[in-house]
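Reviewing the structure listed below.
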Amino acid sequence: MAHVIAIAGKGGVGKTTLCGMLIQSMGEMGKRPILAVDADANSNLNEVLGVEVEMTLGDVREEIAADEGRKTSEKKIPAGMSKADYAEIMFQRCLVEEDDYDLLVMGRTQGKGCYCYVNGLLQSQLQRLLPNYGYMVVDNEAGMEHISRGILPKVDTVILVSDCSRRGVQAAGRIAELVRECNMNPKTIGLIVNRAPKGELNDGTREEIEKQNLTLLGVVPHDDLVYQYDCEGRPTVSLPADSPVKQALKQIIDHIEI
């Protein structure tokens, strides 16, 4: 059974960027095959990884729903094929296959309404795919829904991401508490502080980490090149090998023994 790694944290702390670079580093270190999962309705993990996504689970749901209102001559589901069989075929198209990892994107429904249906699709697909991989890395939404609703089949490692702000660390602390309340029982749960000036934490940040009773897994330094790549639309994973961000992440991976 795959080792499941869940990435979570407050919005805007660089969670998805670190998730993509973590996936790349794991692949380079031989920790594969990997199923990378973008479980955020506002999906952009593929942009960090530099891959094109043809279809998401949300797109499949919308396509099937739209087909119900079409005339028989205009329907896309072939005559005689059930919606369930058609959905399974389309779900295969949602899986982007790369050398070191495959990517599955949850996506979203259109317009108003909740994401319950798409969350259910994600849950069923993860349960189906999990046995085929050695690792699964899940980029969760900027919140706690996937944890509180038990969408992930299991979790072995929870990596909480924060910037150097107290609010970011406090959000990580709340997620850690929810993980404990939901009896998820990961083998490892800890915090990565991202975008630290010169790779160092000030006393206030360290004080808040201790207050929240969080285990510090490592610190990733601020790097202007990450910001530059993002502005230019370049995949963050294409940063040079000597990037301080990449070097810091490799050390963290070794430390937590994924």
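The values are calculated or read from the model by the stated rules, or taken from the named source; none is laboratory data. Not measured: the values here are computed from a predicted model. Cβ placement follows ideal geometry from the backbone for every residue including glycine, while neighbour counts extend to all protein chains displayed. Side chains are part of the model used for accessible areas, which takes the heavy atoms of the whole protein and leaves out ligands, DNA and RNA. Shrake-Rupley method; radii C 1.70, N 1.55, O 1.52, S 1.80 Å.
Which order do 25, 238 take by accessible area at a 1.4 Å probe, largest first?
So, going from the largest accessible area down, we get 238, 25.
Could you tell me what fraction of 2.2 N^0.38 Å the Cα radius of gyration of region 18-133 comes to, as a two-decimal ratio?
1.16
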How far is it, in nm, from the label point at residue 85 to the one at residue 254 when both lie 7 Å from their Cα along the line to the Cβ? 5.4 nm
Using a 1.4 angstrom probe on the protein heavy atoms only, could you order 135, 227 from most to least accessible area? 227, 135
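Relative contact order of the chain, please, whole-number percent, based on alpha carbon pairs below 8 angstrom and at least 6 residues apart.
Working: 454 pairs, mean separation 73.0, N = 258.
Once divided by the residue count of the chain, the mean separation gives 28 percent.
Going by the alpha-carbon gyration tensor, a ≥ b ≥ c the square roots of its eigenvalues, is region 122-241 rounded (a/c under 1.5) or, if a/c is not under 1.5, prolate (a/b greater than b/c) versus oblate?
Values: a/c = 2.25, a/b = 1.21, b/c = 1.85.
Cα axes put region 122-241 in the oblate bin.
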I'd like the accessible area for residue 166, computed on protein heavy atoms only with a 1.4 Å probe and all protein chains in place. Round to 10 Å², please. 100 Å²
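Return the equivalent ellipsoid semi-axes of region 180-221 as a descending list in whole Å, where each equals the square root of 5 times an eigenvalue of the C-alpha gyration tensor. Display every interim value, and only then the final one.
Details: eigenvalues 108, 31, 8 Å².
Each semi-axis is √(5λ); the values are 23, 12, 6 Å.
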Which value, in Å to one decimal place, does the Kirkwood hydrodynamic radius take for the chain when every pair of different Cα atoms is included? 19.1 Å
May I ask you to give the percent of accessible area on the chain that is carbon plus sulfur, with a probe radius of 1.4 Å? 45 percent
Please give every one of the lysines within straight-line cross-link reach of residue 246, meaning a C-alpha to C-alpha distance under 27 Å, and leave out same-chain neighbours fewer than 8 residues apart. 10, 15, 31, 187, 198
In nm, to one decimal, how far is the modelled label at residue 52 from the one at residue 1, with both set 7 Å along Cα→Cβ? 3.8 nm
With springs connecting C-alpha atoms under 10 Å apart, model the chain as a Gaussian network and identify which of 128, 167, 70 has the largest mean-square fluctuation. 70
What does the extension gain come out to for residue 202 and residue 73, with contour length at 0.36 nm per residue minus their alpha carbon separation? 39.9 nm
Mind ranking 216, 129 by accessible surface for me, highest first, 1.4 Å probe? 216, 129
